[in-house]
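Here is the structure we will look at, set down as structure tokens.
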Amino acid sequence: MTTLPSLLMPFVVIATALFLMVRLGYFAKGKAEGRLPFAMGVVLILLTALWQTMTIAPDYADWFIPTAYAVIDITKYVVAVVGLLFIVVGIVLYADGWQSRAEDIKTQQGKLSILNDLQHDARQPYHMLELLNIALRQVLVHYPSATGAIFLINRSRRQLVLTSSFGLKKEETAMLEYYPMDRNIVSQSVELGDPMLLSRFDFIDRSGQPIQSRFNSTLVLPLTSGMEKIGVVLLCSEDKQFFGRTDIELLAPVAQWLAEKIRSARLARELSQARSTTENHVADFSASVTRFISAARAIGAADPVTMFCRSLVGIAGCESVHLYGLRWGELSFHGGSEPLLDVSESYRTALVNAVDRTRPLIVNQEAPDGEGASGDIVLSSLVYPLESSETQDALVLLRSGRSFAVKDQELKQLEALAGLARVAISSSESGQLNLARRKGFDAISSLLANDISVKPFPEDSGWFLRHIVPVLPPGSFGIAFVGDEQGVWRSSESVG
């Protein structure tokens, strides 16, 4: 009865070992814990089974001395027990390894879910700063003993500006408010665009001196989108070697997603601003075209200066528009969008000086306060000169209550309208000259009319002067001379 079990024992051991190896996947791809103890235990038990099979040989009793068989049997059972212990240890290590790997997989799945959670949160109408705070807290949920901060780059000042932080003390936040982009590992990571692991992290004060921190492990994740450097994510822990390469692999996609999100938000904001600017330009252009058409039509009106000035009301926020000029050193008023009110002598002097400088100027009239000092602005004037080599004229735009704030576009409009203003003044002066000439011609025509009955030699020597002087230029005068029989001429009357 003992012969058959002894013969089958090695096959049973081999079959059991192969079943456990295949079932537990000891020789599958990857690293399986407890593989060596399990193999050693199988080998020891297999040797014991083979030895037990050899004991059924007929001449086995003659192989050793009689006293050795007891030692051999004890050794055989000890080897079998040791082999069984090795197998148990191997299976236990295998189970622990799978448990550890299951926990690691669970942890990695939790970390990998950060991006999904962030993408879900990004669908909500969060402000970008609030989204950065949420992203940082989502990351640090899986690193309980770590703190973090997100910086954005200010290229003009060459600084990293603290945008979001979590877990930092008040004094640490103050020191990280502006982090210089000089020769430090954080700036190097941003410039290279590669994540970096640091053993220690130092703060830098305003003078550029490093200050030791409480952190012994640091992970730097740059925020880059293409060639654009956006910022950096800084994760710190007091534990040594807290962060590793695995964390870089897990968090690099999160940093990349944040960079793209920030860039897309910036592009959306710039696109919105560009659209708003375009709409404003279109509206301004339409208003300018309408204004130019109205100003051009005003040239053909009966009173071109008045109609031209009325067409300019509203430009640069003005309330009224007037045309002034300097004639023989005195300020003359060509016309305006509304009747000219009483102008003080000081304001008249300021306008004369402004027109004489031949460049755009803003003249403000201020109401004095109780102590005699300057107070609120009562009237503000924008004086824009009209270029001419013969006369000095200027557009004067008025507004009350606040000073002018003129943009380049409005100055360009005034520059273009200045030519039309010159045409309006010329048209008005031409009309006035034609009217004066017409009155003069009417007076001369009435003087020379055939129906006027006069004596060939009127006794009134000043008769002709009284008719001719009114049609002469202003300031003209005449003297009538009467001759006697001796040929002497004496003045008899003067008119003018």
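The values are calculated or read from the model by the stated rules, or taken from the named source; none is laboratory data. Since the model is a prediction, treat every value here as computed from it, not as a measurement. Don't worry about glycine lacking a Cβ; one is built from the backbone with ideal geometry, like all the others, and counts go over all protein chains shown. We work out accessible area using only protein heavy atoms, side chains counted, and drop any ligands, DNA or RNA first. Shrake-Rupley method; radii C 1.70, N 1.55, O 1.52, S 1.80 Å.
Do any trypsin sites (Lys or Arg not before Pro) in segment 277-349 lie in a DSSP loop with no more than 10 other beta carbon atoms within 10 Å, and if so, which? Within segment 277-349, no trypsin sites (Lys or Arg not before Pro) qualify (loop, at most 10 other Cβ atoms within 10 Å).
Taking all protein chains together and a 1.4 Å probe, the residues VAL89, VAL220, VAL13 rank VAL89, VAL13, VAL220 from largest to smallest accessible area. Across segment 220-323, C-alpha contacts under 8 Å between residues 6 or more apart give a mean separation that, scaled by the residue count, equals a relative contact order of 17 percent. As a calculated quantity, the FRET efficiency between LEU331 and LYS412 at R0 = 25 Å, using C-beta atoms, amounts to about 0.40. Working from label points 7 Å from Cα in the Cα-to-Cβ sense, the GLU279 to GLU319 distance is 3.1 nm. Distance cut-off 32 Å, Cα to Cα: go down the list LYS229/LYS412; LYS261/LYS412; LYS170/LYS261; LYS261/LYS407 and report the pairs above it. LYS229/LYS412; LYS261/LYS412; LYS261/LYS407, as the Cα separations exceed 32 Å there. For the pair LYS240 and ASP194, a Förster radius of 22 Å applied to the C-beta separation gives a FRET efficiency near 0.45, rounded to the nearest 0.05. When the alpha carbon coordinates of segment 137-293 are projected onto the principal axes, the ranges are 76, 36, 27 Å, largest first.
Protection proxy ranking for 71-84, 136-149, 264-277, using the average of other Cβ atoms within 10 Å per residue and placing the highest first: 136-149, 71-84, 264-277. Find the centroid of the Cα atoms in segment 176-205 and in segment 210-249, then give the distance between the two in whole Å. First find each Cα centre; the distance between them is then 8 Å.
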